[in-house]
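Encoded as structure tokens, the structure appears first; notes follow it.
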Amino acid sequence: MKKQNFDLFAVTALGLESVCVQELTGLGIKDVVLCKGGVSFQGGLEELYRTNLWLRSATRVLVRLGTFGCKDFPDLYRKSLRLPWGRFIKPGARIQVKAASRGSRLMHTGRIAETVQESAGRVVGAADASPDAPAQLVMVRFEDNQCQISIDSSGELLHRRGYRQKIGLAPMRETLAAGILMMLDWDVSTPLVDPMCGSGTFIIEGALMGMQRPPGLAREFAFMQWPRYRPGLWQVLQTQARSAEQPVCIPLIGRDRDSDMVETACCNATGAGVETVTMFEAAELGKGDVPTRAGLVLCNPPYGGRLGRDESLSGLYRQLGEVYRSAYSGWKGAVLCPVGPLSKALGEGFDCVHLLSNGGLDVGLHVARL
């Protein structure tokens, strides 16, 4: 049987596109194309399953169902009817359509969504599933009178690994934490320390990377509800992933002055199955033993709407920069924070190497060789 390939697109947060390219290339996927907000590539069911299983920096993986020119709603309905809905949506399944439009004659996103939902429903049948059943997400994008319709293969966003048992204040998305570790070229054979760890995301994602454990190993995906889902192939990929895991023999240390946050981090590490290879402890900034072998020290301190007002945090940032320079000589240091007064308060040696977004706030990844 001839292998069927799809046009696929890995959606990322802005700034993480190049990291996702590296991940896809590492998975053996060729002809990847970096785009704003993601990476396009081609592949069959195996590639679709594997990318959902392994990608650490992507938000979701889409299948491009069809692209066509369109200037009115009757035309949108007719052309949508011709798409192969039955390959991805079971008869009677619930369908959720999200639409966006820019620079096109069809600007009413609500009516766009209703039109596409009506055409898809006509092909696969009216929804008869329980209102509580998961809905298949369809994404419609209009730009310059070109309509692109995509099917979501991921379901819940990929940053929801399934391990987060407790949530602290202003938690960082797991995809951003993993993407930053890859941006920094962290060597998984060297120590990793977060002196302001919060709910432990940097350390937990580092542990998963060090163990070579895929982030999607313990969760469900939308493609599991598709008519042509192949559970045997999925099980093979899971088995291969488990057999490739390796032990972690380096310090992975998270510290926080708030003992409640340390407890939260410990719970999350247990949920991720990395509690035996990570260490979380309550400690004031600058306190605690530093591993003798140099590695990476990084943190995501408070800023803006995250736990404090910027003008009241300069002293904390000056202290953070001093701790980095005095306690972690010879290490690589990194701080995720807004570009401006707070980053300047870190002191000499810190350069902004990447611009990112964290919880809707523009931030920079500031790096120093200590």
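Some observations on this one:
- Model label points for residue 130 and residue 71, set 7 angstrom from Cα along the Cα-to-Cβ axis, are 4.8 nm apart.
- Computed lengthening from residue 190 to residue 244, 0.36 nm per intervening residue step minus Cα-Cα distance: 17.5 nm
- Computed over the alpha carbons of the stretch 256-370, Rg followed by Dmax gives 14.7, 39 Å.
- The lysine pair tally for the stretch 6-152, using Cα distances under 24 Å and a gap of 8 or more places or different chains, is 6.
- With both residues required to sit in the stretch 6-152, DSSP beta bridges show an antiparallel share near 75%.
- For the chain, a simple Cβ point-charge model (Lys and Arg +1, Asp and Glu -1, everything else neutral) yields a dipole of about 1280 debye relative to the Cα centre.
- Applying both filters, DSSP loop and at most 11 other Cβ atoms within 10 Å, to the trypsin sites (Lys or Arg not before Pro) of the stretch 1-65 gives 2, 3, 30, 36.
- For the chain, the fraction of C-alpha pairs farther apart than 28 angstrom is 50 percent.
- When both the stretch 223-270 and the stretch 320-336 are represented by their alpha-carbon centers, they are found 29 Å apart.
- Fully extended contour minus Cα-Cα distance, from residue 284 to residue 352, at 0.36 nm per residue: 21.9 nm
- Angstrom value of the Kirkwood radius, inverse mean 1/r, which spans all Cα pairs in the stretch 6-152: 16.1
- Based on DSSP H segments of at least four residues, each scored -39500 (n - 2.57), the chain has a per-residue ellipticity at 222 nm of -9000 deg cm²/dmol.
- Where the alpha-carbon atoms of the stretch 143-300 are placed on the principal axes, they occupy 55, 42, 28 Å, in descending order.
- Within-13-Å neighbourhood charge of residue 19 [Cβ basis; K, R +1; D, E -1]: -3
- Taking 0.36 nm per residue of separation and subtracting the current Cα-Cα distance, fully stretching the chain between residue 318 and residue 42 would add 94.6 nm.
No lab work stands behind these numbers, since they all come straight from the coordinates. In this text the structure is predicted, and so the values were computed from the model without any measurement. When we count neighbours, we look across all protein chains shown, and the Cβ atoms used for this are built from the backbone with ideal geometry, even at glycine.
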